[in-house]
1. Consider LEU101 carefully, then state whether it is outside any helix (DSSP H, G or I), under 22 Å from the mean Cα position of the chain (by Cα) and surrounded by 14 or more Cβ atoms within 10 Å (Cβ to Cβ).
2. Within region 147-157, identify whether any single residue is of a type in the set (Asp, Glu), without any contact (Cβ under 8 Å) to a residue 12 or more places away in the chain, open to solvent by 60 Å² or more (accessible area, probe 1.4 Å) and over 26 Å from ASP63 (Cβ atoms), and answer yes or no.
3. Could you check region 108-209 for helices (runs of 4 or more DSSP H) lying wholly inside it with 2 or more residues that are small (Gly, Ala, Ser)?
4. From the residues in region 32-41 that are touching a Phe, Trp or Tyr at 6+ places or on another chain (Cβ under 8 Å) and not in a loop (DSSP other than H, G, I, E, B), which one is most open to solvent (accessible area, probe 1.4 Å)?
5. Kindly establish whether HIS190 is surrounded by fewer than 20 Cβ atoms within 10 Å (Cβ to Cβ), in contact with a strand residue (DSSP E or B) (Cβ under 8 Å, 6 or more places away or on another chain), touching a residue at least 12 places away in the same chain (Cβ under 8 Å) and not hydrophobic (A, V, I, L, M, F, W, C).
6. Just need a number here: residues in region 1-31 that are surrounded by 15 or more Cβ atoms within 10 Å (Cβ to Cβ), of a type in the set (Gly, Ala, Ser) and out of contact with any Ser or Thr (no Cβ under 9 Å at 6 or more places or on another chain).
7. Of all residues in region 42-84, which are loosely packed, with under 12 Cβ neighbours inside 10 Å, under 20 Å from the mean Cα position of the chain (by Cα) and not polar (S, T, N, Q)?
Amino acid sequence: AVTFTNKAALEMKNRVAGLLASEGMRRNLPEGLFLGTFHALGVSILREHGSHMRIPRNFSILDEEDTRQIIRDLLKEFELDPEVFSVPRIRASISRLKNELVDASSFAKNDDRDSYQQKLQALYAAYEARLQKMKGLDFDDLLLKTVMLLETFPDVKNFYADRWHYIHIDEYQDTNRVQYALSRMLAAGHRNIAVVGDIDQAIYSWRGAD
């Protein structure tokens, strides 16, 4: 079962524990059960099987300031005008691409781009190279890399399809493309998926929620 915030994930865990207790079962959550955020799910899968994609088990997770500092450094290296190529704008562009399942190599393959987009291509590639050198992933990678892992290695996808026969998604109205792709792959084996949401409560359209 996945949701979007740590607070909501804790609420889910408490409710499940309460249901177990009401049925006379132990309150400890059964082994193999996952209740958490989408990003925590990505961390769990990547720690367990990320080595297939040369992601070290002890990878670090960069926070927002870490990623912005990398972009600041790259803008200086590329000698780009910070007024045109602002840190927030570049960071938002890379984040949007990752949430739309576009990695740096895919983005670089499109030659039909203006000067700004060409510079963005170079920045995106350099940004990814910097993260790899640091053995780190940014917040968006936790989902993008997980989807890429499951797409590329069917045995890993089948492993989780066998582990989780039932998928539940909370606050479904805030799901974006990468989260949808991840959910669909995990539920493909048994096709037992339940979602709950309210379009009038959608708050993440700026992050690609659709």
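1. On the way: outside any helix (DSSP H, G or I): yes; under 22 Å from the mean Cα position of the chain (by Cα): yes; surrounded by 14 or more Cβ atoms within 10 Å (Cβ to Cβ): yes.
Against the criterion (outside any helix (DSSP H, G or I), under 22 Å from the mean Cα position of the chain (by Cα) and surrounded by 14 or more Cβ atoms within 10 Å (Cβ to Cβ)), LEU101 qualifies.
2. Looking for residues that are of a type in the set (Asp, Glu), without any contact (Cβ under 8 Å) to a residue 12 or more places away in the chain, open to solvent by 60 Å² or more (accessible area, probe 1.4 Å) and over 26 Å from ASP63 (Cβ atoms), one finds at least one in region 147-157, hence yes.
3. Answer list for region 108-209: 115-133, 177-187.
4. HIS39
5. no
6. Looking only at that region, the number is 2.
7. Answer for region 42-84, where residues must be loosely packed, with under 12 Cβ neighbours inside 10 Å, under 20 Å from the mean Cα position of the chain (by Cα) and not polar (S, T, N, Q): ARG54, ARG57, ASP63, GLU64, GLU65.
The values are calculated or read from the model by the stated rules, or taken from the named source; none is laboratory data. These numbers were taken from a predicted model, which means no experiment stands behind them. Glycine gets a Cβ as well: all are built from the backbone with ideal geometry, and neighbour counts include every protein chain shown. To get the accessible areas, we keep the full protein, side chains included, count just its heavy atoms, and leave off ligands, DNA and RNA. Shrake-Rupley method; radii C 1.70, N 1.55, O 1.52, S 1.80 Å.
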